[in-house]
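First the structure, in the form of structure tokens, and then the observations on it.
The values are calculated or read from the model by the stated rules, or taken from the named source; none is laboratory data. This structure is a prediction, so every number in the text was calculated from the model and none was measured. Quick reminder, even Gly has a Cβ in these numbers, built from the backbone with ideal geometry, and neighbours come from all protein chains shown. Ligands, DNA and RNA are stripped out before the accessible areas are found, and what is left, the full protein with its side chains, is counted by its heavy atoms. Shrake-Rupley method; radii C 1.70, N 1.55, O 1.52, S 1.80 Å.
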Amino acid sequence: MKDAIGIADGSSNHIWVGHNNGELYATTSGTAPTPAWSSMSGLPNRAVTSIHVDRDNHNLAFATYAGYAAGNLYTSTDGGASWSNAIAAAQLPAVPFYSITRHPMRPGWLYLGTEIGLFASQDNGANWSAYNDGPANVIVRKLSWQGNDTLVLGTYGRGAFTLKPVLDVQTVTVFEFY
């Protein structure tokens with residue numbers, strides 16, 4: 001049974017499929033009559049909940065996993081030939097992760113939907129923090145972008161939310177009124 005699918009933006013040939021038992025497969029010939037699938041190894045035996053293929057580099061992929069265990073986010077920089085646990089253990093909780101996406105205009109900005117809310121990173125996942133401008137401590141099941149500036153969060157039991165992450169705050173103009 002398939003649990004997650006990721007298709008690269010701009011390339012329907014790059015497709016990744018994750019299963020409930022933790023198996024992950026990828027193809028670079030997704031539009032062919034009989035695509036050739038490769039099995040990935042070195043990943044947990046937990047349900048794959050989402051797969052994100054980077055829009056600019058189709059060899060960069062993220063996979064999220066279910067389970068109350070540390071290590072529910074894995075990344076590959078070589079098209080799935082090798083995977084590494086992308087978790088800074090002290091910064092992310094040991095809860096199920098449901099969805100991951102990157103900012104369309106800022107490649108290093110990642111957003112992670114978890115069992116206990118939204119987390120964000122501005123350095124390709126090296127450091128994470130709770131994102132406090134959205135729904136607090138609610139299950140975030142799905143993340144997607146509306147245009148290039150609005151993050152849409154689908155929650156479990158609390159509806160949908162939209163956020164506009166701040167891109168740059170380099171200069172601030174202050175007006176004084178008398």
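Confirm whether residue 80 is over 26 Å from residue 139 (Cβ atoms), assigned to a loop (DSSP other than H, G, I, E, B) and open to solvent by less than 30 Å² (accessible area, probe 1.4 Å).
The answer is yes for residue 80.
If only residues of the range 13-39 that are open to solvent by 60 Å² or more (accessible area, probe 1.4 Å) and of a type in the set (Val, Ile, Thr) are counted, the one that is farthest from the chain's Cα centre (by Cα) is 34. Tell me, which residue of the range 92-106 that is part of a loop (DSSP other than H, G, I, E, B) and within 16 Å of residue 164 (Cα to Cα) is nearest to the chain's Cα centre (by Cα)? By that ranking, first place goes to 103.
Could you go through the range 109-123 and let me know if any residue there is assigned to a loop (DSSP other than H, G, I, E, B), open to solvent by less than 20 Å² (accessible area, probe 1.4 Å) and modelled with pLDDT of 85 or more. Looking through the range 109-123, none of the residues is assigned to a loop (DSSP other than H, G, I, E, B), open to solvent by less than 20 Å² (accessible area, probe 1.4 Å) and modelled with pLDDT of 85 or more.
Going residue by residue through the range 40-51, is there one that turns out to be open to solvent by 40 Å² or more (accessible area, probe 1.4 Å), closer than 19 Å to residue 99 by Cβ and not in a loop (DSSP other than H, G, I, E, B)?
So in the range 40-51, the residues open to solvent by 40 Å² or more (accessible area, probe 1.4 Å) come out as 41-42, 45-46.
From what is left, the residues that are closer than 19 Å to residue 99 by Cβ are 46.
If we keep only those that are not in a loop (DSSP other than H, G, I, E, B) too, we end up with none.
No, because not a single residue in the range 40-51 is open to solvent by 40 Å² or more (accessible area, probe 1.4 Å), closer than 19 Å to residue 99 by Cβ and not in a loop (DSSP other than H, G, I, E, B).
Suppose the filter is aromatic (Phe, Trp, Tyr), closer than 18 Å to residue 112 by Cα, open to solvent by 30 Å² or more (accessible area, probe 1.4 Å) and in a loop (DSSP other than H, G, I, E, B); does residue 68 pass it? So residue 68 passes the test. State whether one or more residues within the range 157-177 are among the acidic types (Asp, Glu), in a loop (DSSP other than H, G, I, E, B) and modelled with pLDDT of 90 or more. Scanning the range 157-177, I find no residue that is among the acidic types (Asp, Glu), in a loop (DSSP other than H, G, I, E, B) and modelled with pLDDT of 90 or more, so the answer is no.
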